[in-house]
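A short write-up of the structure that comes next.
The values are calculated or read from the model by the stated rules, or taken from the named source; none is laboratory data. Note that the structure is predicted; figures quoted are calculated from it, not measured. Because the Cβ atoms are built from the backbone with ideal geometry, glycine has one as well, and the counts that use them run over all protein chains shown. Just so you know, the surface numbers come from the protein's heavy atoms only, side chains and all, with ligands and any DNA or RNA stripped out. Shrake-Rupley method; radii C 1.70, N 1.55, O 1.52, S 1.80 Å.
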Amino acid sequence: MRDLLSPDLLRGRNVFVSGGGSGVNLAIARACAQVGADIAICGRTEARLEAATEELRAYGGRAVYAVADVRDEAAVVEAFRTTAEQIGPMGAVVSGAAGNFLAPAEQISTNGFRAVMDIDLLGSFHVAKAGFEQLRETGGNILFVSGGQSQMPFVHQAHVSAAKAGVDQLMRTLALEWGPLGIRANSIIPGPVDGTEGMRRLAATADAAVWAGMVPLGRFADLDEIGTMAAMLLSPLAAFVNGAQIVIDGGMSLSGSSAFNQAVLSASVATS
Ligand code: HXC
């Protein structure tokens, strides 16, 4: 699918991706690298970042990493500083680092709720704020990886739903505040994606057939389909797209979350 994009679409643009060592975020980094971008990624696990940057360099550009937990503002600031020192200021930022687990609201501890809020929402704020000066310098843009939970509640996802709704409102506010400075802000809402940690966690209670049944296209997304759309949104092809929540879910949001909710609730009744 990426073959349909110009191989120079993001040439000369550096893209910073938080959580870029795996899953959807790595797929976005990969798609950007394949259309000419140089890449900086950050995450918590050095071995994963090392392997990912090695893979990304195979596309011919530069790829660097910094170990940083997005919950730690100083670490994120340092990640932007050290990676820009190596490849130059970022022309695009992807805030993708996220955490998730399934649990009924009344069983989520304050610490568990806070962990997800801190990674998804506060972490997105840290990444946006730390990237701001570089984006202003380059006339860049920021893309948040949100989730369907931001609009449509899913059971056992109270923490994630709250966090992702916050991410989307943060995005819209930045679109208003930073638009006049030439910085676009948008988010993507991927539907179920094959081969990701997020789906492995969510599929623990609602199996793949339930998910696929919720998608009018009848299947999961391929990682490449999410990466390609993200690369387009980061590129001049989307020059007038600002403050938008782009849903890439095969139409799942039109079906609602009830099939998932019923599967999860009946599984938890059966085990209680
Ligand atoms: C209930 C749980 C839990 C579970 C953790 N906790 N797992 N509570 N059920 N299954 C609670 C712990 O008991 C603890 O609270 C608190 O959460 C923090 O847990 P830690 O493991 O100490 O924290 P930490 O190491 O920071 O881990 C954060 C995490 C973890 C979010 C809990 O799962 C993580 O690091 N995830 C990153 C990877 C990941 O989730 N990838 C999927 C992202 S996909 P107490 O009170 O005991 O101290 C995604 C999008 C999905 O987010 C959208 C799909 C549509």
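Can we say Ala97 is touching a residue at least 60 places away in the same chain (Cβ under 8 Å) and either open to solvent by less than 60 Å² (accessible area, probe 1.4 Å) or not acidic (Asp, Glu) (or both)? Yes: the conditions hold for Ala97.
Do you know which of the residues in the range 200-212 that are within 23 Å of Phe113 (Cα to Cα), touching a residue at least 24 places away in the same chain (Cβ under 8 Å) and not in a helix (DSSP H, G or I) is least open to solvent (accessible area, probe 1.4 Å)?
The first filter runs over the range 200-212 and keeps only residues within 23 Å of Phe113 (Cα to Cα), leaving 200-206.
Keeping just the survivors that are touching a residue at least 24 places away in the same chain (Cβ under 8 Å) gives 201-202, 204-206.
Those still in the list that are not in a helix (DSSP H, G or I) too: 204-206.
Details: Ala204: 84, Thr205: 54, Ala206: 0 Å².
Filtering the range 200-212 for residues that are within 23 Å of Phe113 (Cα to Cα), touching a residue at least 24 places away in the same chain (Cβ under 8 Å) and not in a helix (DSSP H, G or I), the one least open to solvent (accessible area, probe 1.4 Å) comes out as Ala206.
Of all the criteria given as (1) of a type in the set (Val, Ile, Thr); (2) more than 9 Å from the ligand (Cβ to nearest atom); (3) at pLDDT 95 or above, the one not satisfied by Val160 is (2).
Residues in the range 94-110: is at least one β-branched (Val, Ile, Thr) and farther than 26 Å from Pro153 by Cβ? Within the range 94-110, not a single residue is β-branched (Val, Ile, Thr) and farther than 26 Å from Pro153 by Cβ. If we scan the range 112-123, do we find a residue that is open to solvent by less than 30 Å² (accessible area, probe 1.4 Å) and assigned to a loop (DSSP other than H, G, I, E, B)? For the range 112-123, residues open to solvent by less than 30 Å² (accessible area, probe 1.4 Å) and assigned to a loop (DSSP other than H, G, I, E, B): absent.
Could you check the range 213-230 and list, in sequence order, the residues that are open to solvent by less than 30 Å² (accessible area, probe 1.4 Å) and part of a loop (DSSP other than H, G, I, E, B)? Steps first, answer last, please.
Residues of the range 213-230 open to solvent by less than 30 Å² (accessible area, probe 1.4 Å): 214-215, 221, 226-228, 230.
Within the range 213-230, Val215 is the sole residue that qualifies.
When you look at Arg172, is it part of a helix (DSSP H, G or I), in contact (Cβ under 8 Å) with a residue 60 or more places away in the chain, open to solvent by 20 Å² or more (accessible area, probe 1.4 Å) and in contact with a strand residue (DSSP E or B) (Cβ under 9 Å, 6 or more places away or on another chain), yes or no? Answer is yes for this residue. Residues that are open to solvent by less than 10 Å² (accessible area, probe 1.4 Å) and among the β-branched types (Val, Ile, Thr) within the range 139-168 comprise Ile142, Val160, Val167, listed in sequence order. Residue check: is Phe80 closer than 30 Å to Met199 by Cα and either away from the ligand (no atom under 16 Å from the Cβ) or in a helix (DSSP H, G or I) (or both)? Yes: the conditions hold for Phe80. Any residue at all in the range 23-35 that is surrounded by fewer than 20 Cβ atoms within 10 Å (Cβ to Cβ), polar (S, T, N, Q) and within 16 Å of the ligand (Cβ to nearest atom)? Scanning the range 23-35 turns up no residue that is surrounded by fewer than 20 Cβ atoms within 10 Å (Cβ to Cβ), polar (S, T, N, Q) and within 16 Å of the ligand (Cβ to nearest atom). Yes or no: the range 183-199 includes at least one residue that is open to solvent by 40 Å² or more (accessible area, probe 1.4 Å), touching a residue at least 12 places away in the same chain (Cβ under 8 Å), in a helix (DSSP H, G or I) and more than 30 Å from Leu265 (Cβ to Cβ). No, there is no match, as no residue in the range 183-199 is open to solvent by 40 Å² or more (accessible area, probe 1.4 Å), touching a residue at least 12 places away in the same chain (Cβ under 8 Å), in a helix (DSSP H, G or I) and more than 30 Å from Leu265 (Cβ to Cβ).
Of all the listed residues (Arg62, Arg44), the sole one being more than 15 Å from the ligand (Cβ to nearest atom) and open to solvent by 10 Å² or more (accessible area, probe 1.4 Å) is Arg62.
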